[in-house]
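The values are calculated or read from the model by the stated rules, or taken from the named source; none is laboratory data. All of these numbers come straight from a predicted model, not from anything done at the bench. Here the Cβ positions follow ideal geometry from the backbone for every residue, glycine too, while neighbour counts run over all protein chains shown.
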Amino acid sequence: MQVPAYVEYEKATSVAHALALLDRFGPEARILAGGHSLIPMMKLRLAQPETLIDINGLSELSYITVTAGELRIGALTRHAQLLDSGEAARHFAVLHDAELVIADPVVRNWGTVGGSLCQADPSEDLSAAFAALKATMVIAHPGGTRTVPARDFYTGPYETVVAPGEILTEIRITIRPGGGSAYEKVGRRAGDWPVGAVGSALWLDGGGLDCGGADRGGADRGGLDGGIIADAGIGLTAVGAPHFAAAGAEEFLRGAPATEESFARAGELAAASCQPVSDQRGPADYKRHLACELTIRSLRRALARARTHGGGAPGGAPQDEG
């Protein structure tokens, strides 16, 4: 039987109380949110905190709202809440896509968004989604709060910028017009960690494009081609992408036409930026191939959504292919 080592337990009643407990018990204390990653690691003695500070009762950290032109997600929001949020899906369909293929209903009902991000697993799905959307993390400390770009949040595998005595409290994503997003994942089985996955977001400038796909002369191109990409975000997970992002591919897409040729080149650049390792989920070359192919697929779906839905309402679940 796997049994965790002895640990002290404290239940926080507010964010301020949780910060005070962290200060009291020092760097060997750990925050307990959903616990689906931390508890198994404790049972295997891979993590041995001296004190667990349970924040599950902090309803102040569980919300999804639009405020000041931003989608704001409380760190204690459950995966199931984010999956079911019409507001989140309307603005950023990539979040719905990603949540749909995370684990299973039991895990999604209790696991938290903030807990998953702070676990900092190199194969974490939401890390790629938030990297693509260029989200901002809000971190509370005894003196107030500080913000960190999602791409600077991780300092290494299972390591983040959240220091001892701090708590991730919120994720913010700026809402911009003309956007669409999507998430594509390949796993060995439904709900498993990905072999490779990519989240993409596109924002069009509208030049030469209408919702019907016709150019300014009225000719229907009959496909996804058309329009100019004002900005792009590409997040990758499980393939060794620096900061979970493909910055070179994004730079290439800015100002480029939204065409299959552009997407193919972006896929090549995304794959070239990755440093996957061979393991039980597959060889490095296969993972690099996935990085390219899934980048192309996610960009296609993001473009289709930008044209037809303004970036929201998902047009079907992402394909989880073997």
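Annotations for the structure displayed:
Residue-wise test of (1) buried (at least 24 other Cβ atoms within 10 Å of the Cβ); (2) modelled with pLDDT under 95; (3) out of contact with any helix residue (DSSP H, G or I) (no Cβ under 7 Å at 6 or more places or on another chain); (4) more than 29 Å from ARG300 (Cα to Cα).
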{"site": "ARG151", "(1), (2), (3), (4)": "no, no, no, no"}
{"site": "VAL162", "(1), (2), (3), (4)": "no, no, no, yes"}
{"site": "GLU166", "(1), (2), (3), (4)": "no, no, yes, yes"}
{"site": "ARG172", "(1), (2), (3), (4)": "no, no, yes, no"}
{"site": "ALA182", "(1), (2), (3), (4)": "yes, no, no, no"}
{"site": "ALA190", "(1), (2), (3), (4)": "no, yes, yes, no"}
{"site": "ALA197", "(1), (2), (3), (4)": "yes, no, no, no"}
{"site": "ASP205", "(1), (2), (3), (4)": "no, yes, yes, no"}
{"site": "ASP210", "(1), (2), (3), (4)": "no, yes, yes, no"}
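- Condition check for CYS292: in a loop (DSSP other than H, G, I, E, B), closer than 16 Å to ALA238 by Cβ and modelled with pLDDT of 95 or more: no
- Hits in segment 50-91 (condition: assigned to a helix (DSSP H, G or I), closer than 23 Å to GLU166 by Cβ and polar (S, T, N, Q)): SER59
- Just one of the listed residues (LEU44, LEU58, LEU52) is farther than 21 Å from GLY144 by Cβ and either surrounded by 19 or more Cβ atoms within 10 Å (Cβ to Cβ) or in the same structural domain as ALA98 (by TED's automatic domain parsing) (or both), namely LEU52.
- Qualifying residue in segment 143-150 (condition: within 28 Å of VAL239 (Cα to Cα) and part of a helix (DSSP H, G or I)): yes
- Matching entry among HIS91, HIS79 (being crowded, with 20+ Cβ neighbours inside 10 Å and under 24 Å from ILE53 (Cα atoms)): HIS79
- Residue match in segment 99-118 (condition: under 25 Å from LYS287 (Cβ atoms), in contact with a Ser or Thr (Cβ under 9 Å, 6 or more places away or on another chain) and polar (S, T, N, Q)): yes
- Flag if ALA272 is of a type outside the set (Val, Ile, Thr), touching a residue at least 12 places away in the same chain (Cβ under 8 Å) and surrounded by 15 or more Cβ atoms within 10 Å (Cβ to Cβ): no
- Restricting LEU76, LEU46, LEU38, LEU52 to those that are hydrophobic (A, V, I, L, M, F, W, C) and under 18 Å from the mean Cα position of the chain (by Cα) reduces the list to LEU76.
- Counting the residues of segment 20-52 that are over 15 Å from THR112 (Cα atoms) and not charged (D, E, K, R) gives 17.
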